[in-house]
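S.K.: Right, I'll just put the structure down here and ask away after.
What follows draws every value from the coordinates through simple rules; no lab data is involved. What you are looking at is a predicted structure, and each value in this text was computed from that prediction instead of being measured. So basically every Cβ, Gly included, is an ideal-geometry build from the backbone, and we count neighbours across all protein chains shown.
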Amino acid sequence: MEEPFPWRDWQKIAFGGLGWTPGIFWASSLTEFTLAVKGKAEANGAKKSVAPPSDEEMDELIKKYGG
């Protein structure tokens, strides 16, 4: 059985880490969310260590979870 999408974890990041409102969170795409998290981390001194999802990976996420 597949695990459900971790909405609560993503909301914690969006609301607490990024300072987004629920409206911004729900209106954003997976790509926008991923880039915002990456940008925030880099702005706070994090080193680039993980490549962003490829187009194929994003397509699979969208197929799996909607988007």
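S.K.: Could you tell me the number of lysine pairs in the stretch 7-65 with C-alpha atoms less than 18 Å from each other, where the two lysines are 8 or more residues apart or belong to different chains?
M.R.: Summing the qualifying lysine pairs gives 5.
S.K.: Hey, what does the equivalent ellipsoid look like for the chain, semi-axes from the Cα gyration tensor as sqrt of 5 times each eigenvalue, largest first, whole Å?
M.R.: Whole-Å semi-axes of the equivalent ellipsoid: 20, 17, 11.
S.K.: Determine, for LYS40, LYS47, the number of other Cβ atoms within 10 Å of each Cβ, and report the residues in order from fewest to most.
M.R.: Listing LYS40, LYS47 from fewest to most nearby Cβ atoms yields LYS47, LYS40.
S.K.: While we're on this one: Taking the number of other C-beta atoms within 10 Å as the exposure measure, put VAL37, VAL50 in order starting with the fewest.
M.R.: With the sparsest Cβ surroundings first, the list reads VAL50, VAL37.
S.K.: Need the C-alpha centroid separation for the stretch 44-67 versus the stretch 1-15, integer Å.
M.R.: 14 Å
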